[in-house]
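Asker: Input: one structure, supplied below.
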Amino acid sequence: MVYSEECAIIFRLKGILEFACQLDNPNAGSQSQSTISKSFQGLRSKVSSKHIVFTVCNSPILIWPNTGFRSSVESLTEASACGDILQYIESDDGGSKKTLKKKDKKRSGHTVVNLKLLFEVTDPAGNEAPSLIRVDTQQHCVKMPLHLDCVLSVTTDESLTSVCTGLVETLRKQLADMEEVVQRYRKGSSFLVPQPFHFQLPEPAGLTTVIYPAGVPDSQLQAIREDLHRKFELPSDRPYLRRANAYHFPDAAYKDGYLRNPHIHLNPPNIEDAKLYLVQGVYIYHHYMQDRVDDDGWGCAYRSLQTICSWFQQQGYVETAVPTHTQIQQALVDVGDKEPRFVGSRQWIGSIEVQVVLNQLLGVTSKILFVSQGSELATKGRELANHFQTEGTPVMIGGGVLAHTILGVAWSENSGQIRFLILDPHYTGGEDLQTITDKGWCGWKGPEFWDQNAYYNLCLPQRPKTI
């Protein structure tokens, strides 16, 4: 997703509120609903009170949003632009986020400002005396933490006052959405914890938050997603709102250590009249020697297949893990394509086997494109452009003794000139983005990259039509 400079800051506010209520009779529907609603209303009143405080992470800034705007930094006033806050936030390299943004605009169009939700707990004592109430009936006490996670996308010249007002309104809305989820999935005194997920949807929806109940798999939330697809006018043939589709904030590291989408750091080739047709969505770069598996010299097609499987996983089509070499081999044995002794071997596989495994393990169908010699690949611009435009999946290509992954093409319909965006599974080093891009392990290649006399099979995976 490319962001404009006019919408360059995401304010992300996180905090925990405790939900608590006393249910006289959990099975009394309307009475319990009213009690739960009162508890949530109390929380919405709490975030609207003067005691709420926002602290800006990695900075000395405290903000009281509900007291006519008050800040611990004198120079930040209600008239200040929200972009002014960046100079007070320390980045990982010791500079300010404002400086960092000027240095590296290519890294991310959005700067994320993280805030924590706090409350003042002291208040001048009044003259009221404590009161005690004795209840003789049996009650069910319900308590659970609500992990609030609110986002607000704004332009840099938006005032801090309006940002704080917007965050408070977003907090109140999120609590209302959580109440709706709690009420819908409650069974007696058994409650499911509501969890917020953020999704980057096509404009005009943009960055949107959806609340899902913890413990309910995506397969049981189909009706909810259908309603949301209609609400946001989303296509009904691909997932946008599964948990795997959740927005990955540019300042958050991936915990598994794999590189995602290294191609976005490349400049496009210079071809007159050429258009770019690229993989859509997120994939993981799988290559030789990963996962403590020494497959140097025989595992390139396995790695290309793993990259394709990761695409379907990252887009939310499947919830299964990316298959290992052994699982890939076992799948081929299970369908009768290979003998049992194939499992645990170091034998190669090709495009046809990749097609078989995708169907067996993921339920994904694929088309096979055959060329009798590598020199013909230069004429396949239209077919590949159409694939990336409609399906958007990575393509595995095998020929001779090598396999690669095609992530896109730059193709001129007028001149026929073409460049291929190649992800090379033969890389044996660590997850070093600069090495991978500078040395061409992920890069644009001309038609001469292919063995001109070898035949090639291309496996073009097709998207399942589902949300």
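Asker: Does P239 qualify as being open to solvent by less than 60 Å² (accessible area, probe 1.4 Å), farther than 25 Å from L146 by Cα and assigned to a loop (DSSP other than H, G, I, E, B)? Before you say what the answer is, go through the steps one by one.
Answerer: On the way: open to solvent by less than 60 Å² (accessible area, probe 1.4 Å): yes; farther than 25 Å from L146 by Cα: yes; assigned to a loop (DSSP other than H, G, I, E, B): yes.
Considered against the rule, which asks whether it is open to solvent by less than 60 Å² (accessible area, probe 1.4 Å), farther than 25 Å from L146 by Cα and assigned to a loop (DSSP other than H, G, I, E, B), P239 comes out as yes.
Asker: Continuing with the same structure: Kindly establish whether Q360 is closer than 25 Å to V293 by Cβ, buried (at least 16 other Cβ atoms within 10 Å of the Cβ) and in contact with an Asp or Glu (Cβ under 7 Å, 6 or more places away or on another chain). Lay out the reasoning, then the answer.
Answerer: Working: closer than 25 Å to V293 by Cβ: yes; buried (at least 16 other Cβ atoms within 10 Å of the Cβ): yes; in contact with an Asp or Glu (Cβ under 7 Å, 6 or more places away or on another chain): yes.
In short, yes.
Asker: Same structure, new question: Report, by residue number, each residue of segment 340-355 that is under 25 Å from G399 (Cβ atoms) and part of a loop (DSSP other than H, G, I, E, B). First the steps, then the outcome.
Answerer: Keep residues of segment 340-355 that are under 25 Å from G399 (Cβ atoms), which gives 342, 345-355.
Residues satisfying the conditions are S345, R346, Q347, W348, I349, G350.
Asker: Can you pull out the residues in segment 175-208 that are of a type in the set (S, T, N, Q) and either surrounded by 17 or more Cβ atoms within 10 Å (Cβ to Cβ) or within 19 Å of T466 (Cα to Cα) (or both)?
Answerer: From segment 175-208, those of a type in the set (S, T, N, Q) are 183, 189-190, 195, 200, 208; that's our starting set.
Q195, Q200, T208 - these are the residues of segment 175-208 that are of a type in the set (S, T, N, Q) and either surrounded by 17 or more Cβ atoms within 10 Å (Cβ to Cβ) or within 19 Å of T466 (Cα to Cα) (or both).
Asker: If you don't mind, another one. With respect to the numbered conditions (1) open to solvent by 30 Å² or more (accessible area, probe 1.4 Å); (2) at pLDDT below 90, which one is the sole condition not fulfilled by A20?
Answerer: (2)
Asker: Hey, V364 hits all of (1) out of contact with any strand residue (DSSP E or B) (no Cβ under 8 Å at 6 or more places or on another chain); (2) in a loop (DSSP other than H, G, I, E, B) but one; which does it fall short on?
Answerer: Condition (1) is where V364 drops out.
Asker: Next question, about the same structure. So which of D291, D273 ends up being under 18 Å from A403 (Cβ atoms), among the charged types (D, E, K, R) and surrounded by fewer than 18 Cβ atoms within 10 Å (Cβ to Cβ)? Spell out the reasoning first.
Answerer: Values: D273 fails: under 18 Å from A403 (Cβ atoms).
Unique residue meeting the criteria: D291.
Asker: Given I422, I467, which one is modelled with pLDDT under 95 and not basic (K, R)? Before the answer, list the steps.
Answerer: On the way: I422 fails: modelled with pLDDT under 95.
Going through I422, I467 in turn, just one is modelled with pLDDT under 95 and not basic (K, R): I467.
Asker: Let me ask another. Among the residues of segment 312-323, what is the count of those that are in a helix (DSSP H, G or I) and either surrounded by 22 or more Cβ atoms within 10 Å (Cβ to Cβ) or acidic (D, E) (or both)? Spell out how you get there, then give the answer.
Answerer: Going through segment 312-323, the residues in a helix (DSSP H, G or I) turn out to be 312-314.
Okay, now just the ones that are also either surrounded by 22 or more Cβ atoms within 10 Å (Cβ to Cβ) or acidic (D, E) (or both), so 312.
Of the residues in that region, 1 qualify.
Quick grid of which residues meet (1) charged (D, E, K, R); (2) outside any helix (DSSP H, G or I); (3) over 15 Å from L362 (Cα atoms); (4) under 15 Å from the mean Cα position of the chain (by Cα):
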{"site": "P250", "(1), (2), (3), (4)": "no, yes, yes, yes"}
{"site": "D256", "(1), (2), (3), (4)": "yes, yes, yes, yes"}
{"site": "I264", "(1), (2), (3), (4)": "no, no, yes, no"}
{"site": "Y288", "(1), (2), (3), (4)": "no, yes, yes, no"}
{"site": "Q306", "(1), (2), (3), (4)": "no, no, no, no"}
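Asker: I've got another one for you. Do you know which of the residues in segment 64-77 that are at pLDDT below 95 and assigned to a strand (DSSP E or B) is surrounded by the most Cβ atoms within 10 Å (Cβ to Cβ)?
Answerer: S71
Asker: Could you check segment 142-181 and list, in sequence order, the residues that are over 15 Å from L13 (Cα atoms) and either in a strand (DSSP E or B) or basic (K, R) (or both)?
Answerer: The answer is V142, K143, M144, P145, S159.
Asker: Quick one: E6 ticks every box in (1) closer than 22 Å to L160 by Cβ; (2) buried (at least 17 other Cβ atoms within 10 Å of the Cβ); (3) at pLDDT below 85; (4) not polar (S, T, N, Q) except a single one, so which number is it?
Answerer: E6 satisfies every listed condition except (2).
Yes/no matrix, rows are residues, columns are (1) within 22 Å of Q315 (Cα to Cα); (2) out of contact with any helix residue (DSSP H, G or I) (no Cβ under 9 Å at 6 or more places or on another chain):
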residue	(1), (2)
D256	yes, yes
L259	yes, no
P262	yes, no
H265	yes, no
K275	no, no
V279	yes, no
V293	no, no
G297	no, yes
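Asker: Is it true that some residue in segment 287-297 is modelled with pLDDT of 95 or more, touching a strand residue (DSSP E or B) at 6+ places or on another chain (Cβ under 9 Å), at negative phi and not β-branched (V, I, T)?
Answerer: yes
Asker: To continue, here is another question. Scan (1) in contact (Cβ under 8 Å) with a residue 60 or more places away in the chain; (2) open to solvent by less than 40 Å² (accessible area, probe 1.4 Å); (3) of a type in the set (F, W, Y) for the single condition F342 breaks and write down its number.
Answerer: In the conditions (1) in contact (Cβ under 8 Å) with a residue 60 or more places away in the chain; (2) open to solvent by less than 40 Å² (accessible area, probe 1.4 Å); (3) of a type in the set (F, W, Y), F342 misses (1) alone.
Asker: What number of residues within segment 379-393 are in a loop (DSSP other than H, G, I, E, B) and either open to solvent by 10 Å² or more (accessible area, probe 1.4 Å) or touching a strand residue (DSSP E or B) at 6+ places or on another chain (Cβ under 6 Å) (or both)? Break it down into steps so the answer makes sense when it comes.
Answerer: Going residue by residue through segment 379-393, those that are in a loop (DSSP other than H, G, I, E, B) are 380, 391-393.
From the residues that got through so far, the ones that are either open to solvent by 10 Å² or more (accessible area, probe 1.4 Å) or touching a strand residue (DSSP E or B) at 6+ places or on another chain (Cβ under 6 Å) (or both) too are 380, 391, 393.
Selection size over segment 379-393: 3.
Asker: For segment 245-270, give me the residue count where each residue is open to solvent by 30 Å² or more (accessible area, probe 1.4 Å) and on the phi > 0 side of the Ramachandran plot.
Answerer: Within segment 245-270, residues that are open to solvent by 30 Å² or more (accessible area, probe 1.4 Å) and on the phi > 0 side of the Ramachandran plot number 1.
The values are calculated or read from the model by the stated rules, or taken from the named source; none is laboratory data. Bear in mind that the values here come from a model prediction, so they are computed numbers and not experimental data. Neighbour counts are summed over all protein chains in view; Cβ atoms, including those assigned to glycine, are modelled from backbone coordinates with ideal geometry. Side chains are part of the model used for accessible areas, which takes the heavy atoms of the whole protein and leaves out ligands, DNA and RNA. Shrake-Rupley method; radii C 1.70, N 1.55, O 1.52, S 1.80 Å.
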